[in-house]
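No value in this document is a laboratory result; all are computed from the given coordinates. Owing to the predicted nature of the structure, the values given are computational and were not obtained by experimental measurement. Cβ coordinates were reconstructed from backbone atoms using ideal geometry, including for glycine residues, and neighbour counts include every protein chain displayed.
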Amino acid sequence: MIKFKMTRLYPYSLILAFVYLSCILAFPSSSYAGDTITSNIRVIHATSDGHPHIDPGLNDLAHQLQSVFKYTSYRLLDSKEISIANNTTGSLSLPGSRVLQIIPGGMSGDRIKFAIRILKNRSQVFTTQILLKNGSSVTIGGPDFKNGYLLFNISGISH
């Protein structure tokens, strides 16, 4: 289950979640302090500008992106791999004075619990929680940007 909790109504015209069916479940609580999560975050600019394009850095996601999101162009804007201890915050700067924060909250079986936040000018404008199967990824939709939208592909591996 994906829960979206808008902390303030910000003019997002798209908040979608693309989830591998086996990745998301209810959130039983379980946390192991000291575990480290390696997460790769890819920031994607999705548009429907009439010029079909898939960035070569997204070839492994092309089929999933095209089957779930109905855009014609997907460009990789940024990719960052971070190692984060449980209950600490990893951050990635986004276009438009925004910051994506990712906070791992431990493991539940073979799934990693993540809190995801987007801040704009230091104010929280979006928050959600996900359970991600260890070693897999999820793509979530975000704010509008340059005649399109930002998408975030987040993977996680627990060590």
Checklist entry - Taking a point 7 angstrom from the Cα of A115 along the C-beta vector, which residues in the range 76-93 have backbone N less than 19 Å away? => result 83-93
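Restricting to DSSP loop positions (anything but H, G, I, E, B) with no more than 14 other Cβ atoms inside 10 Å of their own Cβ, which chymotrypsin sites (Phe, Trp or Tyr not before Pro) remain in the range 40-85?
Values: sites: F69, Y71, Y74; in loops: F69, Y71.
Taking the range 40-85 and a limit of 14 other Cβ atoms within 10 Å, no loop chymotrypsin sites (Phe, Trp or Tyr not before Pro) are found.
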Item to check | Segment V99-D49, extension gain: residue separation times 0.36 nm, minus the distance between their alpha carbons | outcome: 15.4 nm
Checklist entry - Using 12 Å as the cut-off for backbone N distance, which residues of the range 109-135 belong to the label zone defined by a point 7 Å from the Cα of N40 along Cα→Cβ? => result 135
Checklist outcome for this item: Any aspartates and glutamates whose Cα falls less than 17 Å from that of K113, other than same-chain ones fewer than 8 residues away, would be D35
